[in-house]
1. Would you mind counting up the charge near Ser238? Only other residues with Cβ under 15 Å from its Cβ, with Lys and Arg at +1 and Asp and Glu at -1.
2. Order the peptides 227-233, 355-361 from the highest to the lowest mean number of other Cβ atoms within 10 Å of their residues.
3. Determine the alpha carbon to alpha carbon distance for each of Lys6/Lys113; Lys287/Lys322; Lys47/Lys210; Lys77/Lys113; Lys77/Lys287; Lys77/Lys296 and list only those over 27 Å.
4. Give, in nm to one decimal, the length gained when the segment between Arg7 and Leu311 is fully stretched (0.36 nm per residue of separation minus the Cα-Cα distance).
5. Give, as a single signed number, the net charge of other residues whose beta carbon lies under 13 Å from the beta carbon of Cys338, with Lys and Arg counted +1 and Asp and Glu -1.
6. Treat the count of other C-beta atoms within 10 Å as a stand-in for reagent exposure and order Asp268, Asp190 from fewest to most.
7. Whole-Hz Karplus ³J(HN,Hα) for segment 270-279, in order, using 6.51 cos²θ - 1.76 cosθ + 1.60 and θ = phi - 60°, x for Gly and Pro?
8. What percent antiparallel are the DSSP beta bridges of the chain, to the nearest 5?
Amino acid sequence: MLKTAKRIHSLPKYVPGKPVQELERDFGIENAIKLASNENPLGPSPKAKDAIIQAASKSHLYPDGDSYFLKRGIALKEGILPNQIVLGNGSNEVLELIGHCYIEEGDEVLMGKYCFIVYPIVTMLSQGTIVKVDMPNLVHNLSSFKSSITEATKVVFLANPNNPTGTIVSTEEIISLLEFLPEDVLLVVDEAYSEYVESKYRLNISTIIKKHQNLLVLKTFSKMYGIAGLRVGYAMGSEELISNLERAREPFNVNIIAQEAALASLEDHEHVARSIKVNNDGMLYLKTEISKLGLKTYPSYANFLLVEFPLDATNIYEELLKHGVIVRPLKNYNLSNCLRVTIGTREENEKFLGALKKVLGSIK
Ligand SMILES: Cc1ncc(COP(=O)(O)O)c(C=O)c1O
């Protein structure tokens, strides 16, 4: 019998948010909503939609493997050079490239106790050793990160804001960690949700990657830019780090439609402003209404909210499904009492709250 590689057996499975169509099929319902994967409820920017239609007629061609125009668009936005950027099929692929290039058997890889589940998956695929760092009140404690560094530490993963908690640390704390780290330890700051935060919480990419050769900053077009379905993410770092990641990358990893839609999204500042407003209003509304139900939420700096229940929240998740509402259960994140809820449009938020009230009423 064919023997599977040992590292595959114990690999945690990435369970994505349930697709709307699947729920509607399973329960024979219509108009279900998904607040489970932190997508932009407004969808893609109108400029991106136009670009998608234009690019469709070029689908018979291979994409530009070097994403010339998109890299230049990002470089302009971030004040860096195109060769300080590597693009991925979502930042998920960039995380895999980091595993391929920088994690080997026996290397210790640090991450918060409640971190994005792809970090442990990538570490295990590369046969590294996962080291989870405590997160009091679900916030990264960078002093604990510092004291967890050993001779064997190779990579540190830090999402800021963090998924699934929504919590944040200051840029001063991150810079202090960077200055503390030995030069042969790679710090990966994952800013997937950074467009939702005030600029003081975002690293100044152009200056910091010049100063620190052991830093990669990741961003994505899946959240604020609303094109999760097209899969575009990227890492920024020194030319040397980027050229290594480029070597490990599949030649045509970002498709032709995705490249053009991402570039158009970058230019749609109005859509970004609208998306921030919908998120801020929805966050305030949901937090206020959820607290009226006697439930705890954690301070969130992203486009989702962590809601804590007195007991295991699996049945609440399942009951919400019956009402056509998909949120994210967090058992595999060791937060079984919590559900993660993406901030939706006003209508979606109201539908979620209405369903939650009914479910809580039926359980009491
Ligand atoms: C912190 C974080 N990083 C990376 C990703 C991956 O994003 P994508 O692969 O869609 O770019 C996600 C997605 O949820 C995330 O929450």
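1. -3
2. On the way: 227-233: 21.7, 355-361: 16.1.
Final packing ranking: 227-233, 355-361.
3. Numbers: Lys6/Lys113 24 Å; Lys287/Lys322 23 Å; Lys47/Lys210 33 Å; Lys77/Lys113 33 Å; Lys77/Lys287 32 Å; Lys77/Lys296 37 Å.
Lys47/Lys210; Lys77/Lys113; Lys77/Lys287; Lys77/Lys296, as the Cα separations exceed 27 Å there.
4. Details: separation 304, 0.36 × 304 = 109.44 nm, distance 3.31 nm.
Here the answer is 106.1 nm.
5. Working: positive: Lys296, Arg328, Lys331, Arg340; negative: Glu308, Asp312.
Local net charge: +2.
6. Working: Asp268 19, Asp190 27.
The order, fewest Cβ neighbours first, is Asp268, Asp190.
7. 5, 5, 5, 4, 4, 5, 5, 5, 4, 5
8. Values: 18 of 37 bridges.
Roughly 50 percent of the DSSP beta bridges within the chain come out antiparallel.
Every number here is computed from the coordinates shown, using simple stated rules; none is lab data. On a predicted model such as this, the values are computed, not experimentally measured, just so you know. We place every Cβ from the backbone using ideal geometry, glycine too, and count neighbours over all the protein chains shown.
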